[in-house]
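Trainee: This is the structure I have questions about; it appears just below.
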Amino acid sequence: MSTSTLDRVAAFRAHGFFVVPAFIDAGGRAELRRACDVALSHARALSRETGHSTPRISLLTDGVTCFQDDPGALERIAAFVGSARVCELLSGLARPGEADTPRLKDAHYYHEQTRRDWDGDWHRDSQFGQPDPEIERAVVATTTSVHFRVALEADDRLEIVPGSHARWDTLEELRIRRGADRATPDMPNAVRVALRAGDACVFHAWSIHRATYLREPPRRTLDALYAFGRPTVRRWAPPGA
Ligand SMILES: O=C(O)CCC(=O)C(=O)O
C-alpha cells in the first residue's frame, strides 16, 4: 500500500471518512455531470416528486429507464463507479473476514431541491429496514458498507459524527436517531464535510450522518454505495411450501 493509501485507511478507521481533493479534473467532471444530468432531466420531466423534492435519484436500479434515449450516459457512469481508480480508494477498508472486493449496490445522483429547503434525518444506513436496534448493532459491529462520492459542483451538505462508524450510539445519539426529533441541528460532535467541485469523499455508511437539502446552490453529487460483506443467500420457497 502507498503512503497515501495508508493515510486514507487510517483516517477511515479513526473517523469513518476521508476526502480526496481534486479526484477528477474539470473535463472529467463536465463529462460525468452531462451523463448524470440525462437521468435527472428525464426523472424531473416524468415526476412531480422524483428529482424535485427527493434527496437523490437512483441511477442503476429504478433509474435505468432514465437513460433510454442515451444509453451511453449510463455506460459512462457505470464505467466510472466500477473503475480501478475508484476501487483503489476502497482497498483496505473491509474488516478482517470480509471479502476485500467491494460489491457495487447502487449509484445515486444527489440534486438541489426545486420547491423548498428541508433538513434530513440523522441516521446510520444500517437502520433502514431494521426495526430492532440490537440486530442493527450487530450489523454495525460486524460489516462494512461505504459510500464513494464525487462532487460535480461544490457540495457542503453532508454532516457526519466522526468515529461513530466504529462504536454504538451514545444515549443522546440513539434518542435523536430513533426518536421524534431526528432532524435536529443539535447532534453532538457532528462535522460538515465540505467538498469542492471535483473532490471525492469516502464514508462509512454505518456512520451517523445526515444532509440538509436546499434549492440553492445547485447540488450535483454522484454517489455509489458498496458493501464488502458476503451477500445474504435468499432462498426462494414456492407458494404453499
Ligand atoms: O449527502 C446526502 O444527501 C446524505 C446522504 C445520506 O444520508 C445517505 O446516502 O445515506
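The values are calculated or read from the model by the stated rules, or taken from the named source; none is laboratory data. Predicted model, so just to flag it, every value in this text is computed and none were measured. No Cβ is skipped: glycine too gets one built from the backbone with ideal geometry, and neighbour counts run over all protein chains shown.
Trainee: If residue 106 satisfies every condition in (1) under 20 Å from residue 155 (Cβ atoms); (2) within 16 Å of the ligand (Cβ to nearest atom); (3) touching a Phe, Trp or Tyr at 6+ places or on another chain (Cβ under 9 Å) but one, which is the exception?
Mentor: Here residue 106 meets the rest and fails (3).
Trainee: Quick one: would you say residue 76 is of a type outside the set (A, V, I, L, M) and in contact with a helix residue (DSSP H, G or I) (Cβ under 9 Å, 6 or more places away or on another chain)? Step through it out loud before you land on a result.
Mentor: On the way: of a type outside the set (A, V, I, L, M): yes; in contact with a helix residue (DSSP H, G or I) (Cβ under 9 Å, 6 or more places away or on another chain): yes.
For residue 76, the condition - of a type outside the set (A, V, I, L, M) and in contact with a helix residue (DSSP H, G or I) (Cβ under 9 Å, 6 or more places away or on another chain) - is met.
Trainee: Next up: So which helices (runs of 4 or more DSSP H) are wholly in region 13-127 and hold at least 3 residues that are of a type in the set (A, V, I, L, M) and exposed (fewer than 14 other Cβ atoms within 10 Å of the Cβ)?
Mentor: Fully inside region 13-127 and qualifying: 26-46.
Trainee: So, in region 146-192, exactly how many residues are outside any loop (DSSP other than H, G, I, E, B), farther than 22 Å from residue 228 by Cβ, in contact (Cβ under 8 Å) with a residue 60 or more places away in the chain and out of contact with any Asp or Glu (no Cβ under 6 Å at 6 or more places or on another chain)?
Mentor: 2
Trainee: Separate question: Looking at 44, 13, 76, 48, which is the one that is in contact with a strand residue (DSSP E or B) (Cβ under 9 Å, 6 or more places away or on another chain) and basic (Lys, Arg)? It would help to see each step written out before you state the result.
Mentor: Numbers: 13 fails: in contact with a strand residue (DSSP E or B) (Cβ under 9 Å, 6 or more places away or on another chain); 76 fails: in contact with a strand residue (DSSP E or B) (Cβ under 9 Å, 6 or more places away or on another chain); 48 fails: in contact with a strand residue (DSSP E or B) (Cβ under 9 Å, 6 or more places away or on another chain).
It is 44.
Trainee: Also, I was wondering about something else. Residue 93 is checked against (1) within 16 Å of the ligand (Cβ to nearest atom); (2) at pLDDT 95 or above and fails just one. What number does that condition carry?
Mentor: Looking at each condition in turn, residue 93 falls short on (1).
Trainee: Checking the structure you have, find out if any residue of region 227-234 is more than 24 Å from residue 109 (Cα to Cα) and at pLDDT 95 or above.
Mentor: No; the residues of region 227-234 include none that is more than 24 Å from residue 109 (Cα to Cα) and at pLDDT 95 or above.
Trainee: Further question: Suppose we filter 20, 38 for residues that are over 29 Å from residue 185 (Cβ atoms) and touching a residue at least 24 places away in the same chain (Cβ under 8 Å); which single one remains?
Mentor: Result: 38 is the single residue among 20, 38 that is over 29 Å from residue 185 (Cβ atoms) and touching a residue at least 24 places away in the same chain (Cβ under 8 Å).
Trainee: Here's a follow-up. Could you list, ordered by first residue, the pairs with Cβ atoms under 9 Å in which the first is in region 119-130 and more than 15 Å from residue 191 (Cα to Cα) and at pLDDT below 95 and the second is more than 8 Å from the ligand (Cβ to nearest atom) and charged (D, E, K, R), at least 6 apart or interchain?
Mentor: That search, which allows pairs on different chains as well, returns 130/136.
Trainee: I would also like to ask the following. Those residues that are under 19 Å from the mean Cα position of the chain (by Cα), surrounded by 16 or more Cβ atoms within 10 Å (Cβ to Cβ) and aliphatic (A, V, I, L, M), I need them from region 154-189; list them, please.
Mentor: Across region 154-189, the qualifying residues are 154, 158, 160, 161, 166.
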